[in-house]
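For reference, the structure is listed below as structure tokens.
The values are calculated or read from the model by the stated rules, or taken from the named source; none is laboratory data. These figures come from a predicted structure and were not determined experimentally. Note that we place each Cβ from the backbone using ideal geometry, even for glycine, and neighbour counts take in every protein chain shown. For accessibility, only protein heavy atoms count, side chains too; no ligands or nucleic acids. Shrake-Rupley method; radii C 1.70, N 1.55, O 1.52, S 1.80 Å.
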Amino acid sequence: MHHLKNVLEAEGIRCYLRNELLTRLAGEIPFTECALELHLVDEADRWRAERLLEDWRRAAPGTAPPWACDACGEQLEVQFTACWRCGRPRAR
């Protein structure tokens, strides 16, 4: 869920996680009451968010070539949306 939140935020879609601390209580209280949930701040972003997450689901790791950071040239695997070395977001 944290990664999905990062995927959306990297595209400018504001969102938040709900029940993050309650997941520790799974088993003590019903799972449906403490499951981690991803929520959008603005429901107007729903269509775009769903499309981005569907694209993310379809892109299986290792099926696309790595990308090179425009700033420092570091080679990164496709699932990363920013360079681990310099922090620059992946260019579109």
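Before moving on, here are some points about what is shown:
- Share of carbon and sulfur in the accessible area of segment 25-70 stands at 56%, probe radius 1.4 Å.
- 10 Å Cβ shell holding at most 16 others, DSSP loop, GluC sites (Glu not before Pro): longest site-free stretch of the chain: 29-73
- Here W47 and R88 are evaluated by their C-beta separation; at R0 = 22 Å the FRET efficiency comes out at 0.20.
- Spin-label pair Q79-A59: with each label point 7 Å from Cα along the Cα-Cβ axis, the two points sit 1.2 nm from one another.
- Per residue solvent-accessible surface (Å²) - the chain, probe of 1.4 Å: 74
- Once C-alpha pairs closer than 8 Å and six or more residues apart are averaged by separation and normalised to the residue number of the chain, the relative contact order reads 21 percent.
- Area projected by the alpha carbon convex hull of the chain, averaged over all directions, nm²: 7.4
- In degrees, nearest ten, helix 46-58 long axis to first principal axis of the chain (Cα): 70
- Those chymotrypsin sites (Phe, Trp or Tyr not before Pro) in segment 1-86 that DSSP places in a loop and that have at most 12 other beta carbons within 10 Å: W84
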